[in-house]
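Just so it is clear, none of the values below were taken in a lab; they were calculated from the coordinates. Model, not experiment: these values are computed from the prediction. Quick reminder, even Gly has a Cβ in these numbers, built from the backbone with ideal geometry, and neighbours come from all protein chains shown.
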């Protein structure tokens, strides 16, 4: 062979050629078997973890030995995954070793003349072969024929997982994973609601509706909302005096249409019970002498600063729908219902008896008119204004009118105003006791200003 011959690098001593034919064939056969094993392991992983609940139900109905083996393997997914990963890694190591031996036979020992060829074959050729034949094709096929593949591999995997050293490595891997999970649980990451709000704003997708986005925002803020922020204040409470006769109670119920009403003694600060209107239905024909007080149920009192996520759990545990909110002196300052709590997540819930509770008017894109008694929470929702500046400025106030009085230090007169960053709150109507009506002017966006 001449020095310029391109195949000079393939020259082997005669004794190697004599021995190499059978050895090479053996290496090729072993390599093909290992690639088949790799394909089966990868395909099994895709198949078992692609089985849907409906597929599992079908397997239970079949009641065959193979179906039972598949279901038994799926009962412990960590163990199943450990066996498949161990098998696949062992096989891939074997493929790499046999491939290197074959490259040594066909290309020869590494030297400057064939280093590039060896690099291309080892890195691109072998890697491409392992990915295509051992991963991609088997997984695509298995994901489309999950049940068929799982049934075919159930018996081999069940047998293989109990044979050492696979069984030892499997136990070590599963136990190690459980240990890591336990330690990870101890090191929980503390995430604030502000962090969640930022994530929610960043990850908002175009196909997510505004209503869905508002529900997610309500869930994020749910744990930080207090009962006093969503309650019906004592000024708007409809309660029953215990001294009313039965006929007067029925008239009060007809006039207001509530299903539950607080009952008080002398003043509304002394709530003594809750009257469930459904309890009165069997006694509608009774006269004024009927002692309706006996139907009154025990009230549930909560402090003003009760978080509504805790309140929701209390409602569930006590099977109640109404709580009386009391101040630091024990006087009733309002009532909160299960509906009020749920509305913080899903928005307003109305029925055929509900009237428009929040009296507001949208005068322009950025101009609103509100009643002074509108709560700040409702104000944020209806205007979409950023609540943070208001929350920083407010002390104990819960309404827009109270917010203005608190920051001004007095009851503002007509046309007087205060500023909260770029939001202007103007008094439209007030008296000596409170602010009745407020005009709200929001800052225009840059787009609106250009238009």
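P(r) for segment 18-153: what percent of alpha-carbon pairs falls in each 10 Å bin, starting at zero? Each 10 Å bin holds this share of Cα pairs: 11, 34, 26, 16, 9, 3, 0. Each principal axis of segment 225-346 carries a Cα extent, and these read 44, 30, 24 Å when sorted largest first.
Rounded to the nearest 0.05, the FRET efficiency derived from the C-beta distance between residue 155 and residue 346 at R0 = 56 Å is 0.65. If R0 equals 41 Å, the separation of the Cβ atoms of residue 298 and residue 436 corresponds to a calculated FRET efficiency of about 0.65.
A crude spin-label estimate for the pair residue 140 and residue 36, with each label 7 Å from Cα along the Cβ direction, gives 2.2 nm.
A straight chain from residue 387 to residue 291 at 0.36 nm per residue would run longer than the Cα-Cα distance by 29.7 nm. Label-to-label distance for residue 85 and residue 421 is 4.6 nm, based on points extended 7 Å past Cα in the beta-carbon direction.
If you take the Cα centroid of segment 301-332 and the Cα centroid of segment 131-179, the two points sit 53 Å apart. A full extension of the chain between residue 313 and residue 254 corresponds to an added length of 18.1 nm, given 0.36 nm per residue minus the alpha carbon distance. For segment 407-429 versus segment 362-380, the inter-centroid distance based on Cα atoms is 13 Å.
Of 375, 127, the sequence from fewest to most neighbouring Cβ atoms within 10 angstrom is 127, 375. Rg over Rh for segment 382-449 works out to 0.98, both radii taken from alpha-carbon positions and Rh defined as the Kirkwood radius.
When you count the other C-beta atoms within 10 angstrom of each residue and take the mean per peptide, 255-263, 44-52 line up highest first as 44-52, 255-263.
As a proxy for reagent exposure, ranking 38, 167, 162 by other Cβ atoms within 10 Å from fewest up yields 162, 167, 38.
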